[in-house]
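This report concerns only the one structure given below.
The values are calculated or read from the model by the stated rules, or taken from the named source; none is laboratory data. Computed from a predicted model, the values in this text were never measured in an experiment. Cβ: placed from backbone, ideal geometry, glycine included. Neighbour counts: every protein chain shown. The area values use the complete protein model at the heavy-atom level, side chains included, leaving out ligands, DNA and RNA. Shrake-Rupley method; radii C 1.70, N 1.55, O 1.52, S 1.80 Å.
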Amino acid sequence: MNNIKEITLQWLREDDWKYQEEPESSIIRAGVGGKNLSFNLVFICEEEKQVFQVVALTQVRIPENFRREVAELMTRINYSLLLGSLKMDMDDGELRYEVAIDVEDGCLTPCMVKRCSLTACCSFDKAFPHLMSIIYGGKTAEEAFLSWKNDRNDEVQMS
């Protein structure tokens, strides 16, 4: 059986992250500064269920009158993603990006923790300006999605 929390802590220490461990809990927290926003990473290490999850959270809340349009954009983006997903609480407008893996009958490694963490960080940071373009730029979900898609294609061509 994996010791999910210890493997997560191992990667955080090896990669020299600043983090706060909640000793009697399955939670580890870290702050991240991206290109487009600063957010918190929450590592959820469910030993009993053998599930590892990384949640990227921001303090930004989507105003109620924009939530449906932002939700449509998130649905369009999520359909194109291989790992993880954007989520929004429709009641309070909280945004997050989640990546989770079931490691039962497998072996979680520090490299897997790193990949999940980087996926959450990079994907959330890259999507954020497009989410905000609905609120502050007057874009529709479709326009914002095309912009996100173009940015994504530009990255692939540069690689």
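Before moving on, here are some points about what is shown:
- Candidate set: region 105-159, residues that are small (Gly, Ala, Ser) and over 16 Å from Gly34 (Cβ atoms); chosen: the one modelled with the lowest pLDDT: Ser159
- Sub-6 Å Cβ pairs linking a first residue in region 55-67 that is over 19 Å from Ala120 (Cβ atoms) to a second residue that is open to solvent by 50 Å² or more (accessible area, probe 1.4 Å) and among the hydrophobic types (A, V, I, L, M, F, W, C), at least 6 apart or interchain, are Arg67/Met90, ordered by first then second residue.
- Of all residues in region 44-103, none satisfies the criterion of being of a type in the set (Asp, Glu), surrounded by fewer than 18 Cβ atoms within 10 Å (Cβ to Cβ), touching a Gly at 6+ places or on another chain (Cβ under 8 Å) and part of a strand (DSSP E or B).
- Selection over region 19-43 of residues that are small (Gly, Ala, Ser) and either in a loop (DSSP other than H, G, I, E, B) or on the phi > 0 side of the Ramachandran plot (or both) gives a count of 3.
- Residues satisfying the stated conditions in region 113-151, i.e. surrounded by fewer than 18 Cβ atoms within 10 Å (Cβ to Cβ), touching a residue at least 60 places away in the same chain (Cβ under 8 Å), part of a helix (DSSP H, G or I) and more than 13 Å from the chain's Cα centre (by Cα): Pro129, Ile135, Glu142, Lys149
- Subset of region 30-41 (residues that are farther than 15 Å from Leu118 by Cβ and open to solvent by less than 40 Å² (accessible area, probe 1.4 Å)): Leu37
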